[in-house]
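Down below is the structure, laid out as structure tokens.
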Amino acid sequence: MDTKSKLHVGLLFGGNSSEHDVSKRSAHNIYDAMDKDRYDVSLFLLTRDGFVLSDEASRRVFDGEDELEVAAEEQTKVDAANPLAPIWNLSQAKNIDVFFPIIHGNLGEDGTIQGLFRLLKKPFVGSGVLASAVSFDKDMTKQVLTAHGIRNTKYLVLTPENRADFDYATVQAKLGDNVFIKPANQGSSVGIHKAGNEQEFEDGIEDAFRYDFKVLVEQTIDGPEEVEISILGNEKPLASKLGAIRVPKSDVFYDYNNKFVDASGVTFEVPVTLPEDLTKEITEMGLQTYAALGLKGMARIDYLVSKDGVPYVGEVNTLPGFTNISLYPQLWQATGISYEDLIDRLISYAMNEFNYQDELAYDFIPLDDNSAASTYKPKN
Ligand SMILES: Nc1ncnc2c1ncn2[C@@H]1O[C@H](COP(=O)(O)OP(=O)(O)O)[C@@H](O)[C@H]1O
Ligand SMILES: [Mg+2]
């Protein structure tokens, strides 16, 4: 294939969440898996301070140079007085055909970066602004799930304004003795606490409010089986086999420590064999969730399954991990789609979605103007 017909991909990674380093590993793997006869790849590292590094500088960090040092050097090259200085290096993006953001959490999964791609008029892998933002906010996600009759845990939303109305006894009466406390817009179990008494409740709420002005207090699913599914595609998405995550002790949940500090006791079962009915129900709930939220490209959906075998949708990850041991690609491998194939498909879904959206008019068209004949047609 000659250079001209190669697709130029902008791979964005990093970000300012606790998954900054995970994102780097995800990006490394995606980069390595891309067929360089078919793709030219530019790298854009978003530093923890929110500065996008050039392709050349991002590559140096990719190759092991210290991120802070490279970033400091790069910042001297842009005009700091320019309000677009933090994203200045994206001006190289004019030659890019499609962006592949693999920034987990804040700025990556919450609709922010997707809004930037819209402004740049570029296709991008994954969900759009609205679906990303709604799926990142655990309260909004649950509101959509509930409106669509998709099972999720009972919960309350605490804000600085209503905080005083909810003491432990009030919450206990509504949700039971044990509750989960979580910031609405976070990930990686950051700010999440299990509380079974007043002190734990007060401490948990205080910590959660450090991360968000909206805090969820949820009914606990006791000793849950944690099950995951990968979904891939746009209008007619595919569902993978299921996987399970097991944490060592029954009194510990899948917390920050288990995820990032000492994951030695955590085991993944990919694929996991569950009773046929349960497998079917989880798969259907996954596809319903994907459609209800308007997700595109991909998502990993996590469930909590109670001891009596009832599945609850836990949360939705719109840009899930892509490391060697990440569940999203592993579940596809177990289902028969290789890592390389997965990347190819994601890029082509991005192009399709962009072309489809591009048919829409944004300005008023008089009814008698036939020059823009109706483009309405069901997709696929
Ligand atoms: N309602 C709940 N009942 C039981 N365990 C829960 C509940 N909510 C969360 N957990 C535990 O906390 C972990 C993190 O919660 P989750 O909602 O997935 O947040 P995050 O986005 O930070 O991963 C879950 O993987 C699970 O171990
Ligand atoms: Mg989770």
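The values are calculated or read from the model by the stated rules, or taken from the named source; none is laboratory data. Keep in mind the model is a prediction, meaning the values are calculated, not measured. Counting neighbours? That spans all protein chains shown, and the Cβs are built from the backbone with ideal geometry, glycine included. Note: accessible area is taken over every heavy atom of the protein model, side chains too, but ligands, DNA and RNA are not part of it. Shrake-Rupley method; radii C 1.70, N 1.55, O 1.52, S 1.80 Å.
Points to keep in mind about this one:
- Glu359 among the acidic types (Asp, Glu), in contact (Cβ under 8 Å) with a residue 24 or more places away in the chain and open to solvent by 10 Å² or more (accessible area, probe 1.4 Å): no
- Within region 212-224, tally of residues that are at pLDDT 95 or above and open to solvent by 50 Å² or more (accessible area, probe 1.4 Å): 1
- Here Thr273 fits the description: in a loop (DSSP other than H, G, I, E, B) and open to solvent by 30 Å² or more (accessible area, probe 1.4 Å).
- Selected residue (criterion: surrounded by the most Cβ atoms within 10 Å (Cβ to Cβ)) from residues of region 84-117 that are of a type in the set (D, E, K, R) and at pLDDT 95 or above: Glu109
- Taken over region 323-344, residues that are touching a Gly at 6+ places or on another chain (Cβ under 8 Å) and surrounded by fewer than 21 Cβ atoms within 10 Å (Cβ to Cβ) amount to 1.
- The requirement of being assigned by TED's automatic domain parsing to the domain that holds Phe100, open to solvent by 30 Å² or more (accessible area, probe 1.4 Å) and not in a helix (DSSP H, G or I) is not satisfied by Asp32.
- Test: residue in region 288-299 that is over 20 Å from the mean Cα position of the chain (by Cα), outside the structural domain of Phe99 (by TED's automatic domain parsing), part of a helix (DSSP H, G or I) and surrounded by fewer than 21 Cβ atoms within 10 Å (Cβ to Cβ): no
- Yes/no for Glu284 being of a type in the set (Asp, Glu) and either part of a loop (DSSP other than H, G, I, E, B) or free of Cβ contacts under 8 Å to residues at least 40 places away in the same chain (or both): yes
- For region 226-233, the condition of being out of contact with any strand residue (DSSP E or B) (no Cβ under 6 Å at 6 or more places or on another chain) and under 30 Å from Arg345 (Cβ atoms) holds for at least one residue.
- Selection count where residues are aliphatic (A, V, I, L, M) and part of a helix (DSSP H, G or I), scope region 1-29: 2
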